[in-house]
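Chemist: Would you mind keeping the following structure in view while I ask a few things?
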Amino acid sequence: MIRLEHVCKTYRMGDTLVRALDDVSLEIKAGEFVAIMGASGSGKSTLMHILGLLDRPTSGSHFLFGRDIAGLGEDESAILRSRTVGFVFQQFHLLARTSAEENVALPALYNFDAIPRSRAAALLQAIGLGERLHHKPNELSGGQQQRVAIARSLVNAPRILMADEPTGNLDSASATEIMGLLCELNRRGGITIILVTHEPDLALYANRIIRLRDGKVISDDPNTPPALPSLGKTGSELFQALEDSGQSSVVSGQWSVAASEPSATTNQKSEIINHKSAPAPSSSLLPSRAARFRGSVRRVGPLLRQAFRSVAAAKVRSALSMLGILIGVAAIIAMLALGTGAKLAMQKQISSMGSNLLFLYPGTTSQKGVSQQIGASTRLTLEDVAALKEEIKTVKNTAPQLDARYQTVYGNRNWSSYVLGTTPPHLKMRGWSLLSGRFFTEDEVKARARVAVLGTTVQRELFGEGVNPVGEYIRINKISFQIVGLLGTKGASTFGDQDDVVMIPVTTALYRLMGRRYVDRINIEVTEMEALPQTIERVLEVLKRLHRVPASQEEPFIIRNLAEFQEALMTVTRTMSILLSSIAVISLLVGGIGIMNIMLVSVTERTREIGLRKAIGARRGEIMMQFLVEALAISITGGSIGIALGWGVSAALSTFAEWPTSVSLTSVVLAFGFSGLVGIVFGLWPARKAALLNPIEALRYE
């Protein structure tokens, strides 16, 4: 089964080379019970580590089932350990916050062969711990813990059982029972036992005793063991009870143990161990790619459960770790909600001003470096309004506008209002509605009628809440105007209170109220958004022709559109959102550093656990996956709580501060994804550190 040829193992301690094994050659046959003895420092533990595939020789050859395995990589060695070797450690090495059943089932997690879930419970029941399945190690005696360790070593049906001082921490009665159990496993079960001990009384139970001194084999003698020690009730149950029920058989080197597994309806018999100790062909030592893939998929669920259980076991530490992620994600959600809300509010305000609009202003000139006022070189007139509508096909409507602030008076009330002179198309172009009455007509524009349409702010200040002013008369600059309509509410905007307005016919404003011959601007509605650029060009061509503008004059007219206003506002909003989100991202990064620190502490605290997992067959990738999943569990849990908190903060800001907020699905996905990314990035180093630990050094870590 095992053959070593001229094996040497050298360690470096500072500048000194220590030869732990020196030219060791030996063979161990299938079914042997071999005891390895020697004083401390003789090399017996190093020899066991090499035989158990935990370590590799510095030189020499190591054959397992006829295959040279000295050059195998760490992951391949881990797979072989899982499939062929079981370990019983002196210190038990049971996971502290894990039940006896889960401790026994742990090696099955890393085995590529399908292991029945019932096997761990059946083994514990067979050795008398059926009532202790869900007890944790601190609730078990030393003998019970060692029996759990033995059951754990058998769950994968190993061909070789390595026992390192298995009775070192036990009383004499428990030690005798454990040795009896090992003898039965060898004599009746056919398992190859390799016992490492410095106690001659224990070595006598072996069929062969190998003694080491200074790393060399000084004797290799056969031994006739004494009578089989009494197993006691629990040990007898492992074999006698199963044999009596016809569920245990030992036939020509094959050992199979089966147990009844009760269910809700019937007792079903399931095979617990099916072991053949005969040498296996070298091709069967390592699983095929398909078997590896199936095994990897099968262990994803258990690894996730163990990772979440590890996080839940250290509740306070995990909560503190996820605090930074929680705050960062909540801040991202709240800040993006504020930015999105402000963006939507601005879009609503822009939409309330009309769509597909161009605003035409008279241009400016400069003389001798001095800029002149707007309209100094060109003026916009009512004739321009009519010409643009008639000559440009893409112009749907035009409306002149001139405005000034005047004192409006009704009875003993007065209010400084924004008075706007325009034409009937203005109402539809700017998206106004009427609460009551009507808008003035084209005939009233031509007649320079003294009629007015009030905004709701003016109506409230002059007439009070709920009073319909239609039909009443107000005075503007001592001129009486009859109110013919009341405008619908638009609310405040970036440009001021849109409802604080009095609209009158443009001709009335020009010739009766303001004494002008020109308008401040012309509002132009374009047929469709795509026609805006060509319409701007045509407007300039027509106006330059009408006003005979020389080619040398720069910007005789200024044309603005709502897209420019919107872009300017969005730029400000975007800048603020980026600034606020940057602060939130910094918080996330701080949280990620916290996770990394906590995971590094966790790796240090769980060094022995990592060593145990590697000893029973865990590969580097599986150790990395476990710690990465733990980091992800912390970050994603913190991120989920942060999303809920950010949503609540956004709702509170909207309700109590009356700030516009909107939580979008994109922001939720972004925050959640970023929290997961933080967990992966900052969990990678601790996970890699755990994966690179040497199993032997990890098991010895204090």
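The values are calculated or read from the model by the stated rules, or taken from the named source; none is laboratory data. Since the structure is predicted, the reported quantities are computational estimates derived from the model, not experimental observations. Ideal geometry is used to build each Cβ from the backbone, glycine not excepted, and the neighbour counts take in all protein chains shown.
Chemist: Out of (1) over 27 Å from residue 411 (Cβ atoms); (2) assigned to a loop (DSSP other than H, G, I, E, B), the odd one out for residue 530 is which?
Modeler: (2)
Chemist: Restrict the check to the stretch 654-676 and report whether at least one residue is without any contact (Cβ under 8 Å) to a residue 12 or more places away in the chain, outside the structural domain of residue 87 (by TED's automatic domain parsing) and assigned to a loop (DSSP other than H, G, I, E, B).
Modeler: Scanning the stretch 654-676 turns up at least one residue that is without any contact (Cβ under 8 Å) to a residue 12 or more places away in the chain, outside the structural domain of residue 87 (by TED's automatic domain parsing) and assigned to a loop (DSSP other than H, G, I, E, B).
Chemist: Taking the stretch 527-556, which residues are basic (Lys, Arg) and exposed (fewer than 12 other Cβ atoms within 10 Å of the Cβ)?
Modeler: So in the stretch 527-556, the residues basic (Lys, Arg) come out as 538, 544-545, 548.
Residues satisfying the conditions are 545, 548.
Chemist: Can you go through 693, 684 and tell me which one is aliphatic (A, V, I, L, M), part of a loop (DSSP other than H, G, I, E, B) and more than 16 Å from residue 642 (Cβ to Cβ)?
Modeler: Sole residue among the options that is aliphatic (A, V, I, L, M), part of a loop (DSSP other than H, G, I, E, B) and more than 16 Å from residue 642 (Cβ to Cβ): 693.
Chemist: Kindly provide the set of residues from the stretch 26-61 that are part of a loop (DSSP other than H, G, I, E, B) and in contact with a Cys (Cβ under 8 Å, 6 or more places away or on another chain), ordered by number.
Modeler: The answer is 57, 58.
Chemist: Write out, first by first residue and then by second, each pair whose Cβ atoms fall under 6 Å of each other, whose residues are 6+ apart or on separate chains, and whose first residue, in the stretch 602-623, is crowded, with 22+ Cβ neighbours inside 10 Å while the second is of a type in the set (Phe, Trp, Tyr).
Modeler: 615/87; 617/110; 618/110
Chemist: Please go through the stretch 502-512 and give me each residue that is in contact with a Lys or Arg (Cβ under 9 Å, 6 or more places away or on another chain) and either of a type outside the set (Phe, Trp, Tyr) or at pLDDT below 90 (or both), ordered by number.
Modeler: 504, 505, 507, 508, 509, 510, 512 - these are the residues of the stretch 502-512 that are in contact with a Lys or Arg (Cβ under 9 Å, 6 or more places away or on another chain) and either of a type outside the set (Phe, Trp, Tyr) or at pLDDT below 90 (or both).
Chemist: Check whether at least one residue in the stretch 463-473 is surrounded by 16 or more Cβ atoms within 10 Å (Cβ to Cβ) and assigned to a helix (DSSP H, G or I), and report yes or no.
Modeler: Scanning the stretch 463-473, I find at least one residue that is surrounded by 16 or more Cβ atoms within 10 Å (Cβ to Cβ) and assigned to a helix (DSSP H, G or I), so the answer is yes.
Chemist: Looking for whichever is within 48 Å of the chain's Cα centre (by Cα) and at positive phi here; the options are 52, 86, 60, 71. Which one fits?
Modeler: The conditions single out 60.
Chemist: Pick from 68, 75: which is touching a strand residue (DSSP E or B) at 6+ places or on another chain (Cβ under 7 Å) and either in the same structural domain as residue 195 (by TED's automatic domain parsing) or at pLDDT below 90 (or both)?
Modeler: Within the list 68, 75, the selection yields 68.
Chemist: Then there's this: Those residues that are over 14 Å from residue 455 (Cα atoms) and over 57 Å from the mean Cα position of the chain (by Cα), I need them from the stretch 411-425; list them, please. Break it down into steps so the answer makes sense when it comes.
Modeler: Residues of the stretch 411-425 over 14 Å from residue 455 (Cα atoms): 411-414, 422-425.
Those that are over 14 Å from residue 455 (Cα atoms) and over 57 Å from the mean Cα position of the chain (by Cα): 411, 412, 413, 414, 422, 423, 424.
Chemist: Just to verify a result, which residue in the stretch 376-402, among those that are among the charged types (D, E, K, R) and not in a loop (DSSP other than H, G, I, E, B), is nearest to residue 507 (Cα to Cα)?
Modeler: The residue in question is 383.
Chemist: Among what's in the stretch 504-523 and is assigned to a helix (DSSP H, G or I) and farther than 22 Å from residue 396 by Cα, pick the residue that is nearest to the chain's Cα centre (by Cα).
Modeler: Among those that are assigned to a helix (DSSP H, G or I) and farther than 22 Å from residue 396 by Cα, it is 509.
Chemist: Looking at residue 96 and the list (1) among the aliphatic types (A, V, I, L, M); (2) outside any helix (DSSP H, G or I); (3) at pLDDT below 85; (4) crowded, with 19+ Cβ neighbours inside 10 Å, which single condition is not satisfied?
Modeler: (4) is the only condition that residue 96 fails.
Chemist: Any residue at all in the stretch 652-675 that is over 21 Å from the mean Cα position of the chain (by Cα), more than 20 Å from residue 300 (Cα to Cα) and crowded, with 22+ Cβ neighbours inside 10 Å?
Modeler: yes
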